[in-house]
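*Asks:* Structure provided below as C-alpha cells; questions to follow.
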Amino acid sequence: MTSTKVAEQPAAPSDGGSGRPSPLKRLLRPNPLILLALPIVLLYLPRFVDNTTLLQQIAVATIFVMFAASWDILSGYTGQVNFGHAAFIGTGAYTVALLSKYQPDVSNELALLAAVGAAALLGLLIGIPCLRLKGPYLALATLSVAGALVQLTFIFKTQTGGEDGIAGVKTVIDGSLTNTIGEGLSKLVLGPLTFSGLGGFDQYIYVSYFVTLVFMVVMVGGLMLLGYGKRGLVLRSIQQDELAAEAAGVPLTRYKLGAFVLSAACAGLAGGLYAQVRGTVALDLLAVDLSLLIIIIAAFGGAGSIIGPAIGAYVVVLLQNYYLDRATDLFVEHPELKIGTFALLLIIVLIVQPRGIVPPLLQRLSGRGSATRAAGATMVEGGGAKP
Amino acid sequence: MSSTDRVLSVAGLKVSFGKAQVLDGIDLHVDRGECLAVVGPNGAGKTTLLRALSRLNESTSTSIEFDGKPLPDSAYATVMAGLVHCPERRRLFPGLTIRDNLELGARRLRKQPDTKAEDLERVFSLFPKLKERASQSAGTLSGGEQQQCAIGRSLMGRPTLLLLDEPTLGLSVGVKEAIIGSIQTIKDAGTTMLLVEQDVNFAFRCADRVIVLEHGQVAREGPTAQIAADPYVKQAYLGVA
Amino acid sequence: MDVLVQGALTSAVIALVALGFSLVYGVGGIVNLAHGSFFMIGAYSAYAMSETGAPLLVSAVVGVLAATLAGVLLERLVITPIRHQEVAVLIATLAVAILVQSGVQFFYGGLERQLPGFVSGAVTVFGVTLQQTRVLAGLVALVTIVTVLLVLTRTPTGRMVRAVAQDEEASRLIGVRPERVTLYVLAIGAGLAGLAGVLTAPYGVLTPTMWLLPLTQAFAIVILGGLGSIPGTVLASVVVGFLDRFVAFNVKDGDIKVGLVTVAVILATLVLRPQGFLGKVAR
C-alpha cells in the first residue's frame, strides 16, 4: 500500500511522469525577494498597526508558524505524517513551565534549551518504534502518544495542575536574551521614546511580537535551507520511494530518525517559547485539537514546502484568534466551534480538491527557474546518495 | 455465421498505463462453444486484455459486444452478465474452505433458481480431489489443486464466456496434463472460453482458433492448424526452424 | 477473581469497538480515526433521548441507530470520494472526529454527563460484587460479539465479507461489490461502537473528548492482533480488557492510568513485532 501525500497530488501529473521527485515543489520554491520581504514587512508592521490585540495575535500566529514548519520537516518531507505533533509542543511548553514553577532560578534561555532537549528525547523515543511504520500505524501511534501525555498530566495533577494547567510562567520579559532582542527591536521599529512611554502590558506585547518573529525567522529560515538543500531532497526521496532511496544508499534510519528528532526539537522550542509568551500552559497544548490544527494549517498551506504551512499558519491562526471573534459573537461564546469550522472546511477541501491552497498560489508568484533547478537537483541527489 | 452465435466481439480495444500503450487497438471475436487461445511473449498484453474485458482495467474501445449486448462498464455488471474471469495466479480466498470458495463462485446466480448443489457435484466429479478436501482451507492446497479450485469457482457461476488466465503457470508437467485434460472436458461440455496461455503447445491442443499477441497488437490470427503451421510462429514460439 | 470477572466484562465491551475498526480496515483498507466518535455519538444520542424523557430502551436503540447512521454518512460523504488516498482518509477522519467533538461540546458543553443505568443495584457473581449495569453491559456485548462472529463465519454474508478482506479484486471477479460491502461493514461497525457507547454510558462519563480512549484501545487491539484479523482482534481484546481492569485494580489511581498502559502496549508491540502477534494467522 503506497501512501500518497495529500498535498503532493498535483505533482505527479504536472511533470509528465518523468519520475523526478515532485518538481512542483521546486517550482514552488518562492521568489527570494518575496521571502526577504515577508520578515521585513512583519518587522515594521508594528510601526503602522497600533492595535496591540491584533499584534498579540500575530505573535501567537508566529509561534504557530514554527509549529507548522517543524511539523512539515518531518511529515511534509518524509511523508511520515505526524498526527500528534502537540505531544512535542506540549512537552516543550510543560518543561518550561515546570522549570519556572520549581526551579525559578533557571534562566529562561536554559529553560528553552531544556524544552528542546525534552522534546528531542521524546522524538527519539517515539521515532524509534515508528521507524518501520507507515501511514495508518504511524498516524495512530503518534495520536495515542499525545493522548497518553494528556493522561500523564492528570496523573501528576499536583505538579501539572491537571485541567487548570500552570499559571505564572516566567515570560519573555523575564529572560535576558528574549528581553534584549524584544526591547532592542521595539526601540528600533517604534523609536526608543515611544517604546519607553508605553504601559507595561503593551511593552510586553511588543517584546513578545519581536521575539517570536526573530525565533520564527531563524527557525523557518534554517528549515527552509535544509528542506531546499541536499538533505531535503534525500528526505523527499524517502517519501517517494523508501526502498529505492535505501537502495541508492540513503542511510534511511539516520535520516528518518533525524527528521523525527529535528521536528520534535523545533516543536519543543516553539512550545517552550509559547509558554513564555503566554505565561501559562494548559491541556490545549497537548490536545488532539492542536495536532489537527497544525495538519489543517499544513493542508491549507500545502505540505512539504515549509513556507506553505508558514503562510497557512498566519491565515488560520489569525482567523481563529482574531477575525472570527469579530465576525460573530457565536464564536466568542462557543470557541470550540472554530476548530469545528476549520475541521469541516478541511474535510470539504480534501474531498473537493486534495492539494492545498497555497501551492498553486505560490506557483503563480514564482514560475521560473525550474529546469536549472531540476538539473541541479539531479547532481545534488547523486551526491547525496553516497553517505 | 449468425450474430447470435457470436458471444464476444471486440473492436479497437486500447489500454494504456500512463504513457505506455499496453493494448493498441485489439479486434477479436469468440463464437459460442469455441475456445479462442491468446498466445504471445511476456508483456504482450495478454493478461491486460482479460482484465480489460472483465473491467478490472480502464480501457477504451470502438465497441465491445457481449452476448448480443454492449459489455457493461463495471466489473460487477460484467460478472452478472455472464463473463467470468478466472484470474492469473488462482487468487483463491486462502482463509476460506474449498467449499466456501466454490460456493462463492455461484454468487452471480443468487437471484435465479438454486442450482448450487447440482453445480457443486459437477465440479467435484470433474475434480475429485476437491471433494476430498472440501472443508480444508484453500491456502493449504497444492498449486495444481488451487488451480482446480479456481477453475471450479469460475464454473460455479455458469459462465457464458470463461476467461482463463495462465491456468498451467508454475505447474509441473504431470499436473499440467491433468489441467489440460479437464479444460478439454469443460470445453466439450459446451463452455465458451477465452484462454490466455504462455505454453503454446498446450494452447494449440485446446484451442479452435488462436490469436498471437505481440506488443499490444494482433500479430497473427486464424484456426489453430493454420497458426501452428505458420513459419513465423513455428520459429518464434515452437522453436522449430 | 475480581479482575477475572471484570476483565471478561470489559473485554467484551472493548471488543465491540475494536471489531468494527478492524473489519473496516480488513475489508475496505480504511483506517477510520473517527471510529471512536461512533462510540461517543451512541452515548450522547442515548443521553439526549433520555433527557427528553424517552424510555431508556428507546434511548439505547436511538443511540445505536444514530451511530449507524453516522457511519453511513461518513462512508458516503467523506470516505468514498478519497478512498484510495490513504493519508487523506486519515486526515479527513481525524477532522471528522474533531468536528463531532466540537459539535458535542457546542450542544452539551464540556461537563461530564451520565446516562441513568438500565438496571441498578449490585449482583454477586462467583463471590464478586458487581454493579449490575456493568454486568448487563458485559453480557449484552458478549452476546453481540458472539452473534457477529457467528454471522461472519457461518453465513453466506459473512463468507462474502471475509472474501473481500482476503482478496478484494478476486471478490470483484465473483460478482461482489467491495464498495458496498465496505459501506455495510462500516455502518455495522459504527453501530457496534455506538452500542458499546450506550452500554458504558451509565457507568462511564460522557465528555466531548471521550472518543479518544476507545480509538486508542481499538488501535492497540488491532496492533496486537494484526490489522484486519478477526480472531486476532477478539484475542487481543481479551488481553487489553484484562490489562485495563488489572491496572485499574492494582495500581494507585489505576483508572486514569489505563490509557497510558494501552499506549505502552502499542509502542512495545510496534518495537517487538510490528505485524502484530497474530498478524499472519488466517483471518
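The values are calculated or read from the model by the stated rules, or taken from the named source; none is laboratory data. Here the structure is a predicted model, which is why all the values come from computation and not from measurement. FYI the Cβ positions are ideal-geometry reconstructions off the backbone, even for glycines, and counts take in every protein chain you see.
*Asks:* Could you list, in sequence order, the residues of segment C:172-182 that are among the charged types (D, E, K, R) and more than 7 Å from chain B (Cβ to nearest Cβ)?
*Replies:* Those that are among the charged types (D, E, K, R) and more than 7 Å from chain B (Cβ to nearest Cβ): C:Glu179, C:Arg180.
*Asks:* Checking A:Ile128 against (1) more than 10 Å from chain C (Cβ to nearest Cβ); (2) of a type in the set (A, V, I, L, M); (3) in a helix (DSSP H, G or I), only one condition comes out false. Which one?
*Replies:* Status for A:Ile128: all satisfied but (1).
*Asks:* Look at segment B:174-210 and say how many of its residues are in a helix (DSSP H, G or I) and either at positive phi or acidic (Asp, Glu) (or both).
*Replies:* 2
*Asks:* Could I ask something else about it? Looking at the structure I just gave you, is C:Val185 touching a residue at least 60 places away in the same chain (Cβ under 8 Å), more than 14 Å from chain B (Cβ to nearest Cβ) and within 30 Å of B:Gly82 (Cβ to Cβ)? Outline the logic, then answer.
*Replies:* Details: touching a residue at least 60 places away in the same chain (Cβ under 8 Å): yes; more than 14 Å from chain B (Cβ to nearest Cβ): yes; within 30 Å of B:Gly82 (Cβ to Cβ): yes.
Answer is yes for this residue.
*Asks:* Which of the residues belonging to segment B:76-95 are buried (at least 23 other Cβ atoms within 10 Å of the Cβ), within 21 Å of C:Leu152 (Cα to Cα) and within 7 Å of chain C (Cβ to nearest Cβ)?
*Replies:* The one that is buried (at least 23 other Cβ atoms within 10 Å of the Cβ), within 21 Å of C:Leu152 (Cα to Cα) and within 7 Å of chain C (Cβ to nearest Cβ): B:Phe93.
*Asks:* So which residues in segment B:102-113 are more than 22 Å from B:Ile180 (Cβ to Cβ) and either buried (at least 21 other Cβ atoms within 10 Å of the Cβ) or within 12 Å of chain C (Cβ to nearest Cβ) (or both)?
*Replies:* Residues of segment B:102-113 that are more than 22 Å from B:Ile180 (Cβ to Cβ), as a first pass: B:103-104, B:106-113.
Matches in segment B:102-113: B:Glu103, B:Leu104, B:Ala106, B:Arg107, B:Arg108, B:Leu109, B:Arg110, B:Lys111.
*Asks:* Here is a list of conditions, (1) modelled with pLDDT under 80; (2) away from chain B (no Cβ under 14 Å), and C:Phe219 meets all of them except one; can you say which number that is?
*Replies:* Single failed check for C:Phe219: (1).
*Asks:* If you don't mind, another one. If you go through segment C:204-234 one residue at a time, how many are closer than 26 Å to C:Gln114 by Cα and not in a helix (DSSP H, G or I)?
*Replies:* Within segment C:204-234, residues that are closer than 26 Å to C:Gln114 by Cα and not in a helix (DSSP H, G or I) number 8.
*Asks:* Report, by residue number, each residue of segment B:125-173 that is of a type in the set (Asp, Glu) and either assigned by TED's automatic domain parsing to the domain that holds B:Arg32 or closer than 14 Å to B:Glu88 by Cα (or both). Give the derivation first.
*Replies:* Our first condition is that a residue be of a type in the set (Asp, Glu); within segment B:125-173, this holds for B:132, B:145, B:165-166.
Once the filter is applied, which keeps residues that are of a type in the set (Asp, Glu) and either assigned by TED's automatic domain parsing to the domain that holds B:Arg32 or closer than 14 Å to B:Glu88 by Cα (or both), segment B:125-173 yields B:Asp165, B:Glu166.
*Asks:* Suppose the filter is at pLDDT 95 or above, under 24 Å from C:Val89 (Cα atoms) and in contact with a helix residue (DSSP H, G or I) (Cβ under 6 Å, 6 or more places away or on another chain); does A:Phe83 pass it?
*Replies:* For A:Phe83, the condition - at pLDDT 95 or above, under 24 Å from C:Val89 (Cα atoms) and in contact with a helix residue (DSSP H, G or I) (Cβ under 6 Å, 6 or more places away or on another chain) - is not met.
*Asks:* While we're looking at this one, here's another question. Residues to consider are C:Val123, C:Val96, C:Val100, C:Val135; find the one that is in contact with a strand residue (DSSP E or B) (Cβ under 9 Å, 6 or more places away or on another chain) and in a helix (DSSP H, G or I).
*Replies:* So the residue among C:Val123, C:Val96, C:Val100, C:Val135 that is in contact with a strand residue (DSSP E or B) (Cβ under 9 Å, 6 or more places away or on another chain) and in a helix (DSSP H, G or I) is C:Val135.
*Asks:* Turning to a different aspect of this structure: Taking segment C:78-121 only, how many residues are within 7 Å of chain A (Cβ to nearest Cβ) and within 16 Å of A:Lys338 (Cβ to Cβ)?
*Replies:* Of the residues in that region, 7 qualify.
*Asks:* Continuing with the same structure: Would you mind listing the helices (runs of 4 or more DSSP H) fully within segment A:301-342 where at least 2 residues are under 17 Å from the mean Cα position of the chain (by Cα)?
*Replies:* A:307-318
*Asks:* Further question on the same structure: Looking at segment C:161-175 only, could you name the residues that are among the aliphatic types (A, V, I, L, M) and farther than 24 Å from C:Ala70 by Cα? Show your work before the answer.
*Replies:* First, the residues of segment C:161-175 that are among the aliphatic types (A, V, I, L, M): C:161, C:163-165, C:170, C:173-174.
Once the filter is applied, which keeps residues that are among the aliphatic types (A, V, I, L, M) and farther than 24 Å from C:Ala70 by Cα, segment C:161-175 yields C:Ala163, C:Ala170, C:Leu173, C:Ile174.
*Asks:* Identify all residues within segment C:153-171 that are within 12 Å of B:Glu103 (Cα to Cα), of a type outside the set (D, E, K, R) and facing another protein chain (nearest Cβ under 9 Å); write none if there are none.
*Replies:* C:Pro156, C:Met160, C:Ala163
*Asks:* Show me the helices (runs of 4 or more DSSP H) entirely contained within segment B:34-107 in which 2 or more residues are in contact (Cβ under 8 Å) with a residue 40 or more places away in the chain and more than 24 Å from C:Thr155 (Cβ to Cβ).
*Replies:* Because the criterion is at least 2 residues that are in contact (Cβ under 8 Å) with a residue 40 or more places away in the chain and more than 24 Å from C:Thr155 (Cβ to Cβ), the helices (runs of 4 or more DSSP H) in segment B:34-107 that meet it are B:46-53.
*Asks:* Just to be sure, is B:Asp73 of a type in the set (D, E, K, R) and either buried (at least 16 other Cβ atoms within 10 Å of the Cβ) or more than 21 Å from C:Leu173 (Cα to Cα) (or both)?
*Replies:* When the stated conditions are applied, B:Asp73 does not pass them.
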